[in-house]
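A short worksheet on the structure shown next.
The values are calculated or read from the model by the stated rules, or taken from the named source; none is laboratory data. Worth saying up front: this structure is predicted, and the values here are computed from it rather than measured. Glycine also receives a Cβ, built like all others from the backbone with ideal geometry; neighbour counts cover every protein chain displayed.
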Amino acid sequence: MRAAGTNDSRVLFMHENVTPLLSVEGVTLRYRTKDHLVTATYRVSFDVYRSDRFVIVGPSGCGKSTLLKAVGGYMEAVEGEIRLNGRKIEKPGPDRVMVFQEFDQLLPWKTVKENVVFALTASGRLEKKAAQDKAMHYIDKVNLSDFADSLPHTLSGGMKQRVAIARGMAMEPDVLLMDEPFAALDALTRAKMQEELLQLWEDTRFTVLFVTHSIPEAVRIGSRILLLTPHPGQVRAELNSDGVDDEGSDGKRLSQRIEELLFDEEPLKGRTAHV
Ligand SMILES: Nc1ncnc2c1ncn2[C@@H]1O[C@H](COP(=O)(O)OP(=O)(O)OP(=O)(O)O)[C@@H](O)[C@H]1O
Ligand SMILES: [Mg+2]
């Protein structure tokens with residue numbers, strides 16, 4: 001099962017007539033260490049449209065987390081540009097919220113509800129009462145109403161991830177950035193969380209930029225999938241997966257295609273596939 005995809009006309013409409021919500025253009029990202037420079041991504045380009053479930057897939061070390069950091073405004077491109085709503089990203093902002101892989105991203109001395117409320121009031125955007133209402137709305141959406149007054153250490157890893165997702169969504173960013181948010185979960189919980197995320201998307205149609213190195217997860221979550229080559233990450237292909245049933249034959253074919261593209265050893269010579 002997966003969220004029903006939107007129809008083809010939406011894709012055509014979006015991609016032909018509307019400017020992207022997030023545009024990454026020729027972005028090279030580099031770390032300077034004591035002894036040398038490490039190029040994490042090389043001239044990566046892609047566009048994310050409103051309500052996309054845009055997934056970046058690639059092998060370990062290909063620069064996925066680095067790309068998210070740059071979109072988050074924590075790292076500057078040495079080449080190229082990242083724009084959100086047409087404006088160049090220069091620093092972090094509440095229009096982009098990150099959910100990480102680690103379970104310990106909550107304030108341990110605050111309850112579930114207080115964690116979400118704090119994120120909403122700290123930026124001064126909401127008064128306490130409005131923040132509490134909004135927090136409970138999103139805590140309910142991730143099925144944790146009964147645990148609103150619990151402290152993080154009393155929750156399972158999956159529950160803590162749900163709180164982090166509720167907190168991120170409550171901030172109602174333009175784009176939710178998720179860096180392998182389910183990677184540390186057991187297989188059953190992971191499948192359940194993927195299902196919940198798709199359900200949340202059905203409810204609110206938020207835009208998400210989701211990083212994973214799991215091909216099945218990419219096919220399940222994504223409406224578009226960007227494949228990166230091994231280090232330094234370059235775009236290998238961009239695939240449309242909107243409306244593909246991940247468990248059906250189309251989903252299996254897509255997974256196979258992704259696998260072939262990811263393990264294709266041929267060097268890139270301007271042969272990026274757009275499928
Ligand atoms: N703080 C850092 N300083 C120097 N090099 C770094 C730093 N962080 C990452 N790198 C290097 O940049 C490259 C990309 O790293 P990144 O963490 O973005 O990969 P990734 O695709 O997220 O991998 P994974 O799937 O393992 O999380 C790697 O070669 C890594 O060694
Ligand atoms: Mg990473």
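Kindly indicate the residue of the range 69-94 that is part of a helix (DSSP H, G or I) and of a type in the set (A, V, I, L, M, F, W, C) and also farthest from Thr207 (Cα to Cα) among those meeting that condition. Working first, answer last.
So in the range 69-94, the residues part of a helix (DSSP H, G or I) come out as 69-72.
Narrowing further to those that are of a type in the set (A, V, I, L, M, F, W, C): 70-71.
Working: Ala70: 17, Val71: 13 Å.
Per the criteria, the residue is Ala70.
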**OP:** Could you grab me the full set of residues in the range 30-68 that are within 16 Å of ligand 2 (Cβ to nearest atom), of a type outside the set (A, V, I, L, M, F, W, C), over 11 Å from the mean Cα position of the chain (by Cα) and not in a strand (DSSP E or B)?
**Re:** Gly58, Pro59, Ser60, Gly61, Gly63, Thr66
Original post:
Does the range 118-130 include one or more residues that are at pLDDT below 90 and among the aliphatic types (A, V, I, L, M)?
Top reply: yes
Original post:
Which condition number does Met98 fail, the rest of (1) within 16 Å of ligand 2 (Cβ to nearest atom); (2) part of a loop (DSSP other than H, G, I, E, B); (3) at pLDDT below 95 being met?
Top reply: (2)
Original post:
Has the range 157-165 got at least one residue that is more than 21 Å from Leu68 (Cα to Cα), more than 16 Å from ligand 1 (Cβ to nearest atom), surrounded by 18 or more Cβ atoms within 10 Å (Cβ to Cβ) and not assigned by TED's automatic domain parsing to the domain that holds Leu120?
Top reply: no
Original post:
Taking the range 166-181 only, how many residues are closer than 12 Å to Gln194 by Cβ and surrounded by fewer than 24 Cβ atoms within 10 Å (Cβ to Cβ)?
Top reply: 0
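Could you run through the range 182-195 and say how many residues are surrounded by fewer than 18 Cβ atoms within 10 Å (Cβ to Cβ) and outside any helix (DSSP H, G or I)? Show your work before the answer.
Step one: filter the range 182-195 for residues surrounded by fewer than 18 Cβ atoms within 10 Å (Cβ to Cβ), giving 183-184, 186-189, 191-192, 195.
Now narrow it down to the ones that are outside any helix (DSSP H, G or I): 183-184, 186.
Qualifying residue count for the region: 3.
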**OP:** Taking Val71 as the residue in question, decide whether it is more than 13 Å from ligand 2 (Cβ to nearest atom), surrounded by 20 or more Cβ atoms within 10 Å (Cβ to Cβ) and modelled with pLDDT under 95.
**Re:** no
